[in-house]
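Visitor: Can you keep this structure in mind? I'll have questions shortly.
The values are calculated or read from the model by the stated rules, or taken from the named source; none is laboratory data. Quick caveat: nothing in here was measured; it's all calculated off a predicted structure. In this analysis, Cβ positions are derived from the backbone assuming ideal geometry, glycine residues included, and neighbour counts consider all displayed protein chains.
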Amino acid sequence: MAAQEPRLGLSSATIRTMIRVRPIERGDRPWVARRLEDAFGDVIVARKGVLIDASVLPGFVATDGGGRPVGLLTYDAAHGECEVVAVISTQEGRGIGRALMDAARDHAAAAGYRRLWLITTNDNTRAFRFYQLWGMDLCAFYRHGVRRSREVKPSLPERGADGIPLDHELEFELFLGATVRSGMPLREGTQPRPEPSENADL
C-alpha cells in the first residue's frame, strides 16, 4: 500500500472527511472474508512461519460517504503489543489506509499497548514508503522469512508485486508513548524492543 495524492479535484482534507472508520461488526464478516481472499488468496495469513485467520480477528472497517465499505484492518494483540495483521484499501489515493492505521494506533494507545507492529514482504515496495511516511520504523529484516511462511502456507506465490521474487519479510514498528532505546543498530531477524509483559487483548 502507498500513500498517494488524491486525483479527484478535491483537497486531501476534504477527501479524508468523506472516510469514516468504525469497528468491524458481525454483519461485516462476509465482506471482510471476501476482501482477504481477494488480497491473499485465503483468509489465512502467514508471517514468521505462523498461520493466523485474519477473518475472525478484531479490527476496523473504513466506509465512504454513502456508508459503503472501502477498506479494512485486522489486528491481533498480546504481550503488550498490537500487530496489524491485514490492512486493505479498495481505492487508492483517498486516505483509506492512513485512516485505518490511525484508528489502530489510537485504539492500541488507549488500551495501553506500547508497540504497534506489522510484517510485510520484500516485494511490497509501495508499502515501505507508506509505513515510513505514516511514522513507522523498519526494525527487522527476516532473510528468507517467506520461505518459512511458505512451509505452512504452500499457496504463497514465488513472485509478488511487479514480478519481484517473494522471499523475505520485513518488520515495521511504532512505539506508543514508550522510550525507545537508542544506539541499537538494525540486525537481521532482530529488533530492539523492551521485554514483553502480559496484558489483556484489545
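Visitor: Across region 135-165, what is the total count of residues that are of a type in the set (Val, Ile, Thr) and either crowded, with 17+ Cβ neighbours inside 10 Å or without any contact (Cβ under 8 Å) to a residue 40 or more places away in the chain (or both)?
Guide: 1
Visitor: I would also like to ask the following. When you look at Thr74, is it surrounded by 20 or more Cβ atoms within 10 Å (Cβ to Cβ) and either at pLDDT 95 or above or not polar (S, T, N, Q) (or both), yes or no?
Guide: yes
Visitor: Please specify each residue of region 86-100 satisfying the condition of being in contact with a Gly (Cβ under 9 Å, 6 or more places away or on another chain) and crowded, with 19+ Cβ neighbours inside 10 Å.
Guide: Ala86, Val87, Ile88, Ser89, Arg94, Ile96, Gly97, Ala99, Leu100, listed by residue number.
Visitor: Moving on. Has region 173-183 got at least one residue that is modelled with pLDDT of 95 or more, closer than 22 Å to Val45 by Cβ and surrounded by 15 or more Cβ atoms within 10 Å (Cβ to Cβ)?
Guide: Within region 173-183, one or more residues are modelled with pLDDT of 95 or more, closer than 22 Å to Val45 by Cβ and surrounded by 15 or more Cβ atoms within 10 Å (Cβ to Cβ).
Visitor: Then there is this: Kindly indicate the residue of region 41-71 that is more than 22 Å from Arg20 (Cα to Cα) and either basic (Lys, Arg) or under 11 Å from the mean Cα position of the chain (by Cα) (or both) and also surrounded by the fewest Cβ atoms within 10 Å (Cβ to Cβ) among those meeting that condition.
Guide: Here the answer is Lys48.
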